[in-house]
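Q: One structure, as structure tokens, below. Some questions next.
The values are calculated or read from the model by the stated rules, or taken from the named source; none is laboratory data. Because the structure is predicted, anything quoted here is derived from the model rather than measured. We place every Cβ from the backbone using ideal geometry, glycine too, and count neighbours over all the protein chains shown. For the accessible areas, the whole protein counts, side chains as well, though only heavy atoms, and no ligand, DNA or RNA atoms are used. Shrake-Rupley method; radii C 1.70, N 1.55, O 1.52, S 1.80 Å.
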Amino acid sequence: QVLLVESGGGLVQPGGSLRLSCAASGIIFSIYTMGWYRQTPGKQRELVATISSGGRTSYADSVKGRFTISRDNAKNTVYLQMNSLKPEDTAVYYCNAYWSTTNSWGQGTQVTVSS
């Protein structure tokens, strides 16, 4: 059974930084594409960033240059470093693991950017 557990969310002022972590279990982590998505009330979940099994990354235009996704296969963990945070980054952030027919989600962690 796939289990994804996010951590690191919280309240931060505009311009600040946070690092989200997602610890995975129940999968062969190294072969999975891992991703971060976010969702605000009344809106669809949107892609933030992904990292392939080979380390190739992709980002939403809205976060390019500010966010960095990385993975540590030895720790079965994917990270999202978020810098220069803006109020519009406020959302619940979800971790995703994808490979073949498996597409799993974590429970989400709230990020609030406000002064």
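Q: Considering the options TYR93, SER70, PRO41, tell which one lies farthest towards the positive end of the dipole of the chain, charges being +1 on Lys and Arg and -1 on Asp and Glu at the Cβ, about the Cα centre.
A: SER70
Q: Distance from a point 7 Å along Cα→Cβ of VAL5 to each backbone N in the range 26-65: keep the residues under 16 Å and list them by number.
A: In the range 26-65, the label zone of VAL5 (backbone N under 16 Å from the point 7 Å along Cα→Cβ) covers 26-27.
Q: With the chain treated as a Gaussian network of Cα nodes joined by springs under 10 Å, which of ILE28, ILE51, ILE69 yields the largest mean-square fluctuation?
A: Top of the fluctuation ranking is ILE28.
Q: Using 0.36 nm times the number of residues separating SER53 and GLN39, minus their current alpha carbon distance, what extension gain do you get?
A: Extra length from SER53 to GLN39 when fully extended: 2.6 nm.
Q: What length, rounded to one decimal in nm, is gained on full extension from GLN107 through to THR90, with 0.36 nm per residue of separation minus their alpha-carbon distance?
A: Stretched out fully, the GLN107 to THR90 stretch lengthens by 4.5 nm.
Q: SER70 to SER115: FRET efficiency via 1/(1 + (r/R0)^6), r the Cβ-Cβ distance, R0 22 Å, to the nearest 0.05?
A: Given R0 = 22 Å and the Cβ-Cβ separation, E is 0.20.
Q: Assigning unit charges at the beta carbon (Lys, Arg +1; Asp, Glu -1) and nothing else, what dipole magnitude in debye, to the nearest 20, does the chain show about its Cα centre?
A: The dipole of the chain has a size of about 120 debye.
Q: Which percent of the accessible area of the chain is formed by carbon and sulfur heavy atoms (probe 1.4 angstrom)?
A: 48 percent
Q: I would also like to ask the following. Would you mind calculating the relative contact order of the chain from Cα pairs under 8 angstrom and at least 6 residues apart, reporting the percent as a whole number?
A: Reported as a whole number, the value is 36 percent.
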